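Take a look at the structure below.
The values are calculated or read from the model by the stated rules, or taken from the named source; none is laboratory data. Worth saying up front: this structure is predicted, and the values here are computed from it rather than measured. All Cβ positions, even for glycine, are placed from backbone atoms using ideal geometry, and neighbour counts span all protein chains on display.
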Amino acid sequence: MSMLQGSHTLKTLALSIGAALLTTTAYAAPIQVTSSKDSGEGSLRAALEAVAAGSADSIIITTEDDIEITSTLTYNSHTPISIYGNGQTIETDKNIDLLAITAGANLNISHLKFEGPGGFSITNRGDQQGEAGKGIFVNLRNDQTGTATVTLNDVEVSGVAYHGIHLSDCDIAKDCGAGAGGQGGGSAASIAVNAYNVKVHNVGYGRVDGDGLRVDERNEGDILFTAHNSSFTKVGADGVELDEGQNGSVIVNATNVDFSNNGDYCQKDLLEKLLPSPVEAEFKDGEMSEDKVPMAITGSADDKCFEREVDLYASGSVEAYEFGIDYDDGFDIDEAGNGGIKAVIYSSTIHNNLDEGLDFDEEGEGNVEITLIDSKASGNTDDGFKVTEEDNGNLSALISSVKSHKNSGKGIVLEAKNSGTVAAFIENSETEDNDSGKKSGLKIKGKGVITLRNSEIEDGYKAKKAEIIKI
């Protein structure tokens, strides 16, 4: 090639690159929030509208003042959005959602607080004159694919009536339910939640089943939950609840997370006196007819707080009935359909919850794999750690340097029902003063092998079908 031809080729290439750059859509610049007003120029609401319209790609809040709103801040675009604060509070004295991502966009929030009016309780509910408000709500589209990702860094949520943080891939929203009992459909997308230095507290006291962080996933897709240096405490229902109701798995990695003091929306002092006496009973076949069982409780501060279960013989007579109050857990996972649970919990605390401390249930096709390391459960009203494989899958557990003390149920429960097996290695761990009766330290249900190394199960263990090996 001659020098002249080479020069011509380079010039043509340069012109082609220049033309390509001119025809490529330019990235929009960040937009600044300079005003603490609810709306108008420089406001956060206007910035959300600008990003949705494509004239900005992210939001930087530069005003030093807190932002008070009177209606929900809404973002209705598919385009990912990032919001960067510097410790400001987005607050309201209204019973509303503070921030709603309505079309399933990926969301990234840093250094912000979200604060509702607070003061909610079973006697001051937030769901009687409209919907109970949430802190951050992300709703997926029915046609969504891939993974919807929410990343929260140094974020605090408090004072809202319902869920503190809610991600929903369920087309019937608040009626979605949990696990295999969950109704509704959803998209083919997975949901990923990353919580770093997140604090959720004093939420969920204005409506039954109001969780600190709630994920509802239906149809295809997994739930991927990562939390580090975070806390979900003083929540009316579960500190964290992950509901994977159809095909897909739940994958968890939690390090230095506090799931404590949750589950007491259904106030015991108000409701316990309304329970029938006795609250549970068993009968011989033909002894008790169903119409003689006490009726469901009505007229209370919230009738949804009561559980009523009646078991019948094939003849139609009553085998047993039981009434109770629906308290909630520190960390709850319900997985159903094809898929399993894989969870690693490290250096975490699970104290003083009104039901189980940690309660993981897997139904349908799939297995449970759980690793608990350097974590503690104490003062929970039911079991400290409870992991159950409901169907024919297997349960495997590595439990190391774990303490489960002074829970009103069992210290540690590992269950594999039907044809599933349990394989557990428990080392450098201890249970003590759990008071559900004899052998309350460790309960194993199902066939399998449990290896204990350098562990103290001072309140005893129960394992009818499993082999216990001490080394």
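Might you let me know whether region 413-430 holds any residue that is out of contact with any Phe, Trp or Tyr (no Cβ under 7 Å at 6 or more places or on another chain), crowded, with 20+ Cβ neighbours inside 10 Å and over 22 Å from Val368 (Cα atoms)?
No, there is no match, as no residue in region 413-430 is out of contact with any Phe, Trp or Tyr (no Cβ under 7 Å at 6 or more places or on another chain), crowded, with 20+ Cβ neighbours inside 10 Å and over 22 Å from Val368 (Cα atoms).
The rows are residues; the columns are (1) touching a helix residue (DSSP H, G or I) at 6+ places or on another chain (Cβ under 8 Å); (2) among the charged types (D, E, K, R); (3) without any contact (Cβ under 8 Å) to a residue 12 or more places away in the chain; (4) exposed (fewer than 15 other Cβ atoms within 10 Å of the Cβ).
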{"position": "Gly263", "(1), (2), (3), (4)": "no, no, no, no"}
{"position": "Cys266", "(1), (2), (3), (4)": "yes, no, no, no"}
{"position": "Glu287", "(1), (2), (3), (4)": "no, yes, no, yes"}
{"position": "Lys304", "(1), (2), (3), (4)": "no, yes, no, yes"}
{"position": "Val310", "(1), (2), (3), (4)": "yes, no, no, yes"}
{"position": "Glu319", "(1), (2), (3), (4)": "no, yes, no, no"}
{"position": "Asp326", "(1), (2), (3), (4)": "yes, yes, no, no"}
{"position": "Asp332", "(1), (2), (3), (4)": "no, yes, no, no"}
{"position": "Leu358", "(1), (2), (3), (4)": "no, no, no, no"}
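Hey, any hits in region 228-247 for a residue that's farther than 25 Å from Ile350 by Cβ, surrounded by fewer than 21 Cβ atoms within 10 Å (Cβ to Cβ) and touching a Ser or Thr at 6+ places or on another chain (Cβ under 6 Å)?
No; the residues of region 228-247 include none that is farther than 25 Å from Ile350 by Cβ, surrounded by fewer than 21 Cβ atoms within 10 Å (Cβ to Cβ) and touching a Ser or Thr at 6+ places or on another chain (Cβ under 6 Å).
Mind checking whether some residue in region 450-466 is closer than 17 Å to Glu362 by Cβ and at pLDDT 95 or above? Step through it out loud before you land on a result.
Keep residues of region 450-466 that are closer than 17 Å to Glu362 by Cβ, which gives none.
Scanning region 450-466 turns up no residue that is closer than 17 Å to Glu362 by Cβ and at pLDDT 95 or above.
Hey, any hits in region 93-109 for a residue that's surrounded by fewer than 23 Cβ atoms within 10 Å (Cβ to Cβ) and at pLDDT below 95?
So far as region 93-109 goes, no, none of its residues is surrounded by fewer than 23 Cβ atoms within 10 Å (Cβ to Cβ) and at pLDDT below 95.
Hey, does region 215-231 have a residue that's small (Gly, Ala, Ser) and over 15 Å from the mean Cα position of the chain (by Cα)?
Keep residues of region 215-231 that are small (Gly, Ala, Ser), which gives 221, 227, 230-231.
Retained after the next criterion (residues that are over 15 Å from the mean Cα position of the chain (by Cα)): 221.
Within region 215-231, one or more residues are small (Gly, Ala, Ser) and over 15 Å from the mean Cα position of the chain (by Cα).
Of the residues that sit in region 431-446 and are part of a loop (DSSP other than H, G, I, E, B) and on the phi < 0 side of the Ramachandran plot, which one is surrounded by the fewest Cβ atoms within 10 Å (Cβ to Cβ)? Walk me through it before giving the result.
So the first thing to find is which residues in region 431-446 are part of a loop (DSSP other than H, G, I, E, B), and the list is 433-441, 446.
Those left that are additionally on the phi < 0 side of the Ramachandran plot: 434-436, 438, 440-441.
Values: Asn434: 29, Asp435: 11, Ser436: 17, Lys438: 7, Ser440: 25, Gly441: 26.
Top of the filtered list is Lys438.
Picking from Ile81, Ile67, Ile60, which residue would you name as being in contact with a Phe, Trp or Tyr (Cβ under 7 Å, 6 or more places away or on another chain) and more than 20 Å from Ala103 (Cβ to Cβ)? Full working, then the answer.
Numbers: Ile81 fails: more than 20 Å from Ala103 (Cβ to Cβ); Ile67 fails: in contact with a Phe, Trp or Tyr (Cβ under 7 Å, 6 or more places away or on another chain).
Of Ile81, Ile67, Ile60, the one residue that is in contact with a Phe, Trp or Tyr (Cβ under 7 Å, 6 or more places away or on another chain) and more than 20 Å from Ala103 (Cβ to Cβ) is Ile60.
Of all residues in region 196-227, which are crowded, with 24+ Cβ neighbours inside 10 Å and charged (D, E, K, R)? Write out each step before concluding.
From region 196-227, those crowded, with 24+ Cβ neighbours inside 10 Å are 198, 200, 203-207, 210-218, 221, 223, 227; that's our starting set.
Matches in region 196-227: Arg207, Asp211, Arg214, Asp216, Glu217, Arg218.
Looking at Ser77, is it in the same structural domain as Gly204 (by TED's automatic domain parsing), at pLDDT below 95 and not basic (Lys, Arg)?
So Ser77 fails the test.
Considering (1) crowded, with 20+ Cβ neighbours inside 10 Å; (2) at pLDDT below 95; (3) in contact with a Gly (Cβ under 7 Å, 6 or more places away or on another chain), say which one Ile165 fails and leave the rest.
(2)
Since Leu398 meets every condition but one in (1) hydrophobic (A, V, I, L, M, F, W, C); (2) closer than 13 Å to Ile457 by Cα; (3) in contact with a Phe, Trp or Tyr (Cβ under 6 Å, 6 or more places away or on another chain), which condition does it not meet?
Condition (2) is where Leu398 drops out.
If you take the residues in region 101-138 that are in a strand (DSSP E or B) and among the hydroxyl-bearing types (Ser, Thr, Tyr), which one is farthest from Val203 (Cα to Cα)? Walk me through it before giving the result.
To start, the set of residues in region 101-138 that are in a strand (DSSP E or B) comprises 101, 107-115, 121, 124, 136-138.
With the extra rule that they be among the hydroxyl-bearing types (Ser, Thr, Tyr), the set shrinks to 110, 121.
Working: Ser110: 20, Ser121: 10 Å.
Here the residue is Ser110.
What number of residues within region 336-353 satisfy the criterion of being surrounded by 24 or more Cβ atoms within 10 Å (Cβ to Cβ) and at pLDDT 95 or above?
5
Could you grab me the full set of residues in region 173-202 that are farther than 21 Å from Asn256 by Cβ, modelled with pLDDT of 95 or more and within 14 Å of the chain's Cα centre (by Cα)?
Ile191
When you scan region 238-308 for strands (runs of 3 or more DSSP E) that lie fully inside it, which ones turn up with 3 or more residues that are at pLDDT 95 or above and of a type in the set (A, V, I, L, M, F, W, C)? Full working, then the answer.
Details: elements: 240-244, 250-258, 280-282.
Result: 250-258.
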